[in-house]
Amino acid sequence: MRRFYLFGFLLLMAFDTLAQISFKVAGSQALPVQASVAWLLRVFGQPWIYGAVVGYVGAFFTWMALLKHAPIGPAFAASHLEVVSVMLLSIWLFDEHLTVARVLGAIAIIAGIVCLGLAESREQPPDDEPAPARV
Amino acid sequence: MTGSLSTLVVGLWLLNIVLDTTGQLAFKAAAGDSDAGDGLARWKHMAARPWLWLGIGCYAVEFLVWIAFLSLIPLSEGVLLGSINIVAIMLAGRLLFGEKLTRLRVIGIALVTLGVAIVGLGG
């Protein structure tokens, strides 16, 4: 069963990461940002936007499947840890840099997410609690 | 926020928070309605009320706002700044649904907020 959770969390992270990377590429190719039909056509006119849709839909169903079995706390924490994979991939794919502020900020955010995950675990058994917000 | 983030970027970031939080709360209101029944009847009940549609509408607009936001800043910075949505939703849940803020939750919220502030101010 532990292997099932681990696989589920990794799959969730992969879908979330795919969505964020796709959003970035789709947005970058549609620049400049405008509140106009032309911008919308540029966004939906190239394939990456559909990568974002696949990532979102995949993440949603993986999340729902995980919640049936996995404890809510670790599931909550794992569902937000894609910030790590997205940051690392951004360096490789988009030549971004890990600034000191980003590294320190990421450490604080991850520590916060782990605390929130622990808080969910302590609260009540998973059966009583509705699915927490996915962001 | 510093000069490193333009007014447009900050505006899109704030709009994303509002849309995400409103969407989540609308879904919560739709799903938490105790008169709703089960199965297909439950979906019909939800479809006849505004909450589900408000949630879907918020998410559709948020999708576009997030694309615009990410196209203007580095992705590694964008995903970190987006973590603030977790905090906004927890605080809104507390205000509107009376959800408990235990000590561990307060610590978690403070740490996420601190992290977002560091990234926002430092770039």
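The values are calculated or read from the model by the stated rules, or taken from the named source; none is laboratory data. Nothing here was measured: the structure is a model prediction, and the numbers come from that model. Cβ coordinates were reconstructed from backbone atoms using ideal geometry, including for glycine residues, and neighbour counts include every protein chain displayed. Ligands, DNA and RNA are excluded from the accessible area calculation, which covers all protein heavy atoms including side chains. Shrake-Rupley method; radii C 1.70, N 1.55, O 1.52, S 1.80 Å.
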Exercise for review: Working only within the stretch A:80-110, note down all residues that are closer than 11 Å to B:Glu77 by Cα and touching a residue at least 60 places away in the same chain (Cβ under 8 Å).
Suggested key: A:Val86, A:Ser90
Practice item. Select the helices (runs of 4 or more DSSP H) contained entirely in the stretch A:52-126, then report the ones holding at least 2 residues which are within 10 Å of chain B (Cβ to nearest Cβ) and under 16 Å from A:Ser22 (Cβ atoms). Key: A:82-94
**Study point:** The lone exception for B:Val65 - which of (1) crowded, with 17+ Cβ neighbours inside 10 Å; (2) facing chain A (nearest Cβ under 7 Å) it fails
**Key:** (2)
Exercise for review: With respect to B:Leu72, determine if the residue is open to solvent by 50 Å² or more (accessible area, probe 1.4 Å) and under 29 Å from A:Ala38 (Cα atoms).
Suggested key: yes
Study note, to complete from the structure: Scanning the stretch B:26-50 for residues that are open to solvent by 50 Å² or more (accessible area, probe 1.4 Å) and within 23 Å of B:Leu14 (Cβ to Cβ) gives B:Phe27, B:Lys28
Check your understanding: Just one of the numbered conditions (1) modelled with pLDDT of 90 or more; (2) of a type in the set (Asp, Glu); (3) under 30 Å from A:Ser121 (Cβ atoms) is not true of A:Glu82; which one?
Key -> (1)
**Study point:** Residues of the stretch A:18-62 satisfying the condition of being open to solvent by less than 10 Å² (accessible area, probe 1.4 Å) and in contact (Cβ under 8 Å) with a residue 40 or more places away in the chain
**Key:** A:Ala19, A:Gly55, A:Ala59
Revision key, fill the gap. Scanning the stretch B:96-108 residue by residue, the ones that are more than 7 Å from chain A (Cβ to nearest Cβ) and either within 17 Å of the chain's Cα centre (by Cα) or surrounded by 16 or more Cβ atoms within 10 Å (Cβ to Cβ) (or both) total 3
